[in-house]
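What follows is a short report on a single structure.
The values are calculated or read from the model by the stated rules, or taken from the named source; none is laboratory data. Quick caveat: nothing in here was measured; it's all calculated off a predicted structure. Note that we place each Cβ from the backbone using ideal geometry, even for glycine, and neighbour counts take in every protein chain shown. Protein only, heavy atoms only, side chains kept; ligands, DNA and RNA dropped before computing areas. Shrake-Rupley method; radii C 1.70, N 1.55, O 1.52, S 1.80 Å.
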Amino acid sequence: MSASAVFVLDLKGKVLICRNYKGDVDMSEIDHFFNLLMQQEEEGLVCPVMSHGNVHFLWIKHSNLYLVATTNKNSNASLVYAFLYKLVEVFTEYFKELEEESIQDNFVVVYELLDELMDFGFPQTTDSKILQEYITQQGNKLEVSKTKVPTTVTNAVSWRSEGLKYKKNEVFIDVIESINVLVNANGSVMSSDIVGSIKLKTMLSGMPELRLGLNDRVLFAITGRDKGKTVTMEDVKFHQCVRLSRFEGDRTISFIPPDGESELMSYRINTHVKPLIWIESVIEKFSHSRVEIMVKAKGQFKKQSVANNVEIRVPVPSDADSPKFKTSTGHAKYVPEKNWVVWSIKSFPGGKEFLMRAHFGLPSVEKDEKEGKPPITVKFEIPYFTVSGIQVRYMKIIEKSGYQALPWVRYITQSGDYQLRTNN
């Protein structure tokens, strides 16, 4: 990967803090970064990689900061960006909010973190939980016992400390699926997929070995068991604790878990998804006088399931005013700065149908420019339900002391990029 130096800049391009790792790029080269960025913004061609002579700037923007890595080699750009985003994640874990003020208030800790996160241009310890064991925000108050480098930095299981003890040993497993749907104005599903993740919260003593079993179609085919519903997962990405060779060999998800909360894996399921909340809309625009909107929402999921905190966002013309609403359930609110109506339904049972009517006034003088037709968007969350049918079949917990541990599983389906286009 080999990044020569890392800089944190404010919105005016002033360097707040930096760390030179290799010394093969002049630190004054960063002065050219902001000028290149301004030039590209003026031309409307902002690029994530910019060059000045033989020096390359790889950068990201977060809040009111620019994080920039410099290199004069043909470095692996994707790894540099992964490191910059990891930097944001670690700083956010430490300071809650990553912005100019938090960098200025924590110079010493930021320098210490930059020292530990990377060595000679290569990432080192990037797990914030491990870093927090020996880099604290009260650096000058470190106890003598804490000045030793934790074994987690040097041992094979760098993501988990030794000697953990809990009175009650438990594992909480959250299977969270986001559904992405695009429906055209004629009611046909143009694209759909499911993006899922399995998150853990582990409170286990010692150094346990966990084995997770899912209704994975490939596993069932290997073992010759085709009974029950199975799913085909694509783009599977694991936490570093998972033994990849074992998974590739017999599809067993075997790992020593990090302590506390972590994302064990993420996946995508490319399948035709029936929209869980179906929207029918009629938007009638009467020139120079009013807009009438009628929206019907129907829950197309099992009757025993309930969608919570449903938000249906309906676009309205930017010059609309004097809103009036009538809803069969929930409440509607006009958000003029976003040019939409938000219809909020706290609890939406499966199979039910609800109606919302809205009336807006229009100015007598019509706008010259034509407006676009933004889609209706929907947000929701359905607990105890997965649209793909993925299931945790078992969770085995093996620890040398032989204690009994309880695994708890929870399923949640939520909206991702959920859009329905309108005719009007």
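Looking at Lys367, is it touching an Asp or Glu at 6+ places or on another chain (Cβ under 9 Å), closer than 25 Å to Ser192 by Cα and either of a type outside the set (A, V, I, L, M, F, W, C) or at pLDDT below 95 (or both)?
Taking the combined requirement at face value, the residue does not satisfy it.
Name the residues in the stretch 26-35 that are open to solvent by 50 Å² or more (accessible area, probe 1.4 Å) and in a helix (DSSP H, G or I), would you? First the steps, then the outcome.
At the first step, the residues of the stretch 26-35 found to be open to solvent by 50 Å² or more (accessible area, probe 1.4 Å) are 26-28, 31-32, 35.
Listed by number, the residues that qualify are Met27, Ser28, Asp31, His32, Asn35.
Let me spell it out: the conditions are (1) among the hydroxyl-bearing types (Ser, Thr, Tyr); (2) loosely packed, with under 15 Cβ neighbours inside 10 Å; (3) touching a His at 6+ places or on another chain (Cβ under 9 Å), and Ser262 meets all of them except one. Which number is the exception?
(2)
Considering only the stretch 5-25, how many residues are under 29 Å from the mean Cα position of the chain (by Cα), within 18 Å of Gln124 (Cβ to Cβ) and crowded, with 20+ Cβ neighbours inside 10 Å?
Total satisfying the criteria: 2.
What pairs can you find where one residue is in the stretch 320-337 and in a strand (DSSP E or B), the other is surrounded by 13 or more Cβ atoms within 10 Å (Cβ to Cβ) and among the polar types (S, T, N, Q), and their Cβ atoms are less than 8 Å apart, with a gap of 6+ or different chains?
Close Cβ pairs (under 8 Å, with a partner that is surrounded by 13 or more Cβ atoms within 10 Å (Cβ to Cβ) and among the polar types (S, T, N, Q)) amount to His331/Ser344; Ala332/Ser344; Lys333/Ser344.
So which pairs qualify, if the first residue must be in the stretch 401-424 and at negative phi, the second must be open to solvent by 50 Å² or more (accessible area, probe 1.4 Å) and in a strand (DSSP E or B), the Cβ gap must be under 7 Å, and the two must be at least 6 apart or on different chains?
Partner pairs satisfying both residue conditions: Trp408/Phe172; Ile412/Glu381; Gln414/Glu381; Ser415/Lys379; Gly416/Val195; Asn424/Lys285.
Please give the number of the condition Arg251 fails out of (1) open to solvent by 20 Å² or more (accessible area, probe 1.4 Å); (2) modelled with pLDDT of 95 or more.
Evaluating Arg251 over (1) open to solvent by 20 Å² or more (accessible area, probe 1.4 Å); (2) modelled with pLDDT of 95 or more leaves (2) as the failure.
With a cut-off of at least 2 residues that are closer than 30 Å to Gly351 by Cα and of a type in the set (A, V, I, L, M, F, W, C), name the strands (runs of 3 or more DSSP E) lying wholly within the stretch 187-301. Working first, answer last.
On the way: elements: 189-203, 209-214, 234-238, 253-255, 260-269, 277-286, 290-299.
The qualifying strands (runs of 3 or more DSSP E) are 189-203, 277-286, 290-299.
Of the residues that sit in the stretch 374-415 and are of a type in the set (Gly, Ala, Ser) and open to solvent by less than 40 Å² (accessible area, probe 1.4 Å), which one is modelled with the highest pLDDT? Steps first, please.
Taking the stretch 374-415 as the starting set, the residues that turn out to be of a type in the set (Gly, Ala, Ser) are 388-389, 401-402, 405, 415.
Add one more test, that the residue is open to solvent by less than 40 Å² (accessible area, probe 1.4 Å), and what stays is 388-389, 405, 415.
On the way: Ser388: 91, Gly389: 90, Ala405: 91, Ser415: 96.
Going through the qualifying residues, I end up with Ser415.
Take the stretch 340-361 and flag every residue that is open to solvent by 50 Å² or more (accessible area, probe 1.4 Å) and not in a strand (DSSP E or B).
Lys352
Can you work out which of the residues in the stretch 175-224 that are hydroxyl-bearing (Ser, Thr, Tyr) and open to solvent by 10 Å² or more (accessible area, probe 1.4 Å) is modelled with the lowest pLDDT?
Per the criteria, the residue is Thr223.
In the stretch 90-110, which residues are surrounded by 14 or more Cβ atoms within 10 Å (Cβ to Cβ) and touching a residue at least 24 places away in the same chain (Cβ under 8 Å)?
Result: Val90, Glu93, Tyr94, Leu98, Glu99, Glu100, Ile103, Asn106, Val109, Val110.
Return a yes/no flag: does the stretch 225-232 have any residue that is modelled with pLDDT of 95 or more and open to solvent by less than 20 Å² (accessible area, probe 1.4 Å).
Scanning the stretch 225-232, I find no residue that is modelled with pLDDT of 95 or more and open to solvent by less than 20 Å² (accessible area, probe 1.4 Å), so the answer is no.
Are any of the residues in the stretch 302-310 open to solvent by 40 Å² or more (accessible area, probe 1.4 Å), among the charged types (D, E, K, R), at pLDDT 95 or above and out of contact with any Phe, Trp or Tyr (no Cβ under 7 Å at 6 or more places or on another chain)?
Within the stretch 302-310 (the criterion being open to solvent by 40 Å² or more (accessible area, probe 1.4 Å), among the charged types (D, E, K, R), at pLDDT 95 or above and out of contact with any Phe, Trp or Tyr (no Cβ under 7 Å at 6 or more places or on another chain)), the answer is no, since none of the residues qualifies.
Could you check, for the stretch 37-54, whether at least one of its residues is surrounded by 19 or more Cβ atoms within 10 Å (Cβ to Cβ) and touching a residue at least 40 places away in the same chain (Cβ under 8 Å)?
No, there is no match, as no residue in the stretch 37-54 is surrounded by 19 or more Cβ atoms within 10 Å (Cβ to Cβ) and touching a residue at least 40 places away in the same chain (Cβ under 8 Å).
If Phe247 satisfies all but one of (1) under 22 Å from Phe172 (Cα atoms); (2) touching a Lys or Arg at 6+ places or on another chain (Cβ under 8 Å), what's the number of the condition it fails?
(2)
Quick one: in the stretch 111-135, of everything that is part of a loop (DSSP other than H, G, I, E, B) and out of contact with any Asp or Glu (no Cβ under 8 Å at 6 or more places or on another chain), which residue is least open to solvent (accessible area, probe 1.4 Å)?
If we take residues in the stretch 111-135 being part of a loop (DSSP other than H, G, I, E, B) and out of contact with any Asp or Glu (no Cβ under 8 Å at 6 or more places or on another chain), then Gly121 is least open to solvent (accessible area, probe 1.4 Å).
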